[in-house]
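Following: one structure in C-alpha cells, then a few remarks.
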Amino acid sequence: MSSVKSAGTKAVLVALLAALTLSGCAGGSDEGASQGADAPAKAQSLPQEGASAMLDSDGGAGRSGRRAPTAENVKVAPGARAVVYTATLKVRATNVDESAGRAKQLVLAAGGYIATESSGAGRTDLTFKIPSDRYAVTLDELTRRLGRRLSLGQQAEDVTEEVADVESRVRSAEAALVSFRKLLDRADTVGEVINVEQEIASRQAELESLQARQKSLAHRTRYATVTLELVGPVAPVVEEVADDDRGGFLGGLERGWNGLVAVVSGVLVAAGLLLPFLVPAALIAWVAGRVRRTLRSRRERRTAEVSAG
C-alpha cells in the first residue's frame with residue numbers, strides 16, 4: 001500500500017508540475033498580447049521645444065549633492081503609453097564652466113540628476129536624467145540658456161507592449177512560485193522534495209531576472225536621458241600676410257645684403273668643413289719643406305767641396 005501511495009503521489013506531482021509549467025507560459029504570452037492589443041496603435045508624440053515657461057535658474061539648484069532616485073515599477077494605466085525619451089544636444093558656450101554650472105542648476109531644479117560628467121580642453125560632456133513630465137521644458141531651457149545651439153537630436157521609443165508583457169510574466173512567475181511551494185509541503189519522498197526545490201530555484205531565478213528588467217524599464221520611462229556637449233568659442237584664425245616684394249634702390253640693397261649674407265654664410269660653412277683637413281695638410285707641408293731644405297743644403301755642400309778640390 002505504501003508503494004502504491006508513493007507512486008500515486010509522484011504521478012500527481014508530475015502532473016501538477018506539467019500543468020503549472022504550461023499555465024505559466026500561456027498566461028505570460030496571452031496576458032501580454034491582450035494588454036498590448038488594447039493600447040492605442042500610435043506612440044505618444046515627441047514633446048516639442050518651448051512647451052512651457054522659463055525655469056528659475058536659482059530655484060532649488062543648490063542641492064548639487066542630490067542622489068539618483070530609485071525608480072518604482074511601471075504601472076501602465078489603460079490607454080496610457082510608456083515612452084522612453086532621449087536627446088543629444090551640442091551647444092557652443094562663451095564660458096564652458098559657467099554654462100555647465102547653469103545646466104546642472106536647471107536639471108536639479110526640475111527634479112533630475114547628473115548621471116555622468118567629463119571635461120577636457122575647452123569642452124564638457126554631461127549626461128542628465130530628467131523626469132519625463134519635465135523633459136520638454138527642461139530641454140527647451142538647456143537649448144536657449146547655455147549658448148548657441150549647434151545641433152539637437154530627439155528620439156521617443158514606445159515600450160508599452162514590452163512593459164505590459166514583463167508585468168504579466170512577473171505575475172505568472174509569482175503565482176507559479178506559490179503553487180510550487182504548496183507542492184513542496186505535499187512531497188513524501190526525498191526525490192520529490194529535490195525535484196520541487198530545483199523547480200522552485202529555477203522559477204525564483206527567472207522571477208528575479210524579470211523583476212530586474214521591470215525595474216530597468218521603470219527607470220527608463222520615468223526619466224528621460226539628455227546628453228549635453230558644451231564646446232568653447234572658436235579661436236580666431238590669424239593669417240600671415242606675406243611682405244610685398246620691394247623694388248627700386250631699397251629693394252636692390254635688401255637683395256644685395258641678403259646675397260652677401262648668403263655668400264659669407266656659405267664661405268663659413270665651407271671653412272668649417274675644411275678646417276679638420278687643414279691641420280694635417282699643414283703638417284705634411286712643413287715636413288716636406290724641411291726635407292727639401294735638407295737636401296738642398298747637402299747639394300750645396302757637395303758642390304762647394306768639388307769646386308774647392
Problem - Where N is the number of residues in region 99-257, Cα Rg divided by 2.2 N^0.38 Å - result: 2.14
Problem - Ordering of 115-127, 207-219 by burial proxy (mean other Cβ atoms within 10 Å per residue, highest first) - result: 207-219, 115-127
Completion exercise
In whole µm²/s, the translational diffusion coefficient that Stokes-Einstein assigns to region 182-231, given a Kirkwood hydrodynamic radius over C-alpha pairs, 4 °C and 1.567 mPa s, equals 91 µm²/s
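How big, in percent, is the set of alpha carbon pairs in region 105-161 lying more than 19 Å apart?
Values: 604 of 1596 pairs.
Summing the P(r) of region 105-161 above 19 Å gives 38 percent of all pairs.
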Handout entry: Hull shadow area, averaged, region 118-195 [alpha-carbon convex hull, nm²]
Key = 10.5 nm²
Handout entry: Whole-number accessible area per residue in Å² for region 77-157, which is evaluated in the context of all protein chains at 1.4 Å
Key = 44 Å²
Problem - Where the Cα pairs of region 169-209 fall when distances are cut into 5 Å bins, in % - result: 5, 27, 32, 19, 12, 5, 1
Problem - Per-pair calculated FRET efficiency, R0 = 41 Å: Asp188 and Gln211 via Cβ, rounded to 0.05 - result: 0.80
Practice task
Quickly work out the Leu253-to-Val279 label distance, labels modelled 7 Å from Cα along the C-beta direction, and quote it in nm with one decimal.
Solution key: 4.4 nm
Practice task
Would you mind computing, in nm to one decimal, how far apart the modelled labels at Gln204 and Ser151 are, each placed 7 Å from Cα along Cα→Cβ?
Solution key: 5.0 nm
Practice task
First compute the accessible area of region 173-235 with a 1.4 Å probe, then give the percent of it belonging to carbon and sulfur atoms.
Solution key: 52 percent
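The values are calculated or read from the model by the stated rules, or taken from the named source; none is laboratory data. As the structure is a prediction and not an experimental result, all values here were calculated from the model. In this analysis, Cβ positions are derived from the backbone assuming ideal geometry, glycine residues included, and neighbour counts consider all displayed protein chains. Just the protein is used for accessible areas: all its heavy atoms, side chains included, with ligands, DNA and RNA removed. Shrake-Rupley method; radii C 1.70, N 1.55, O 1.52, S 1.80 Å.
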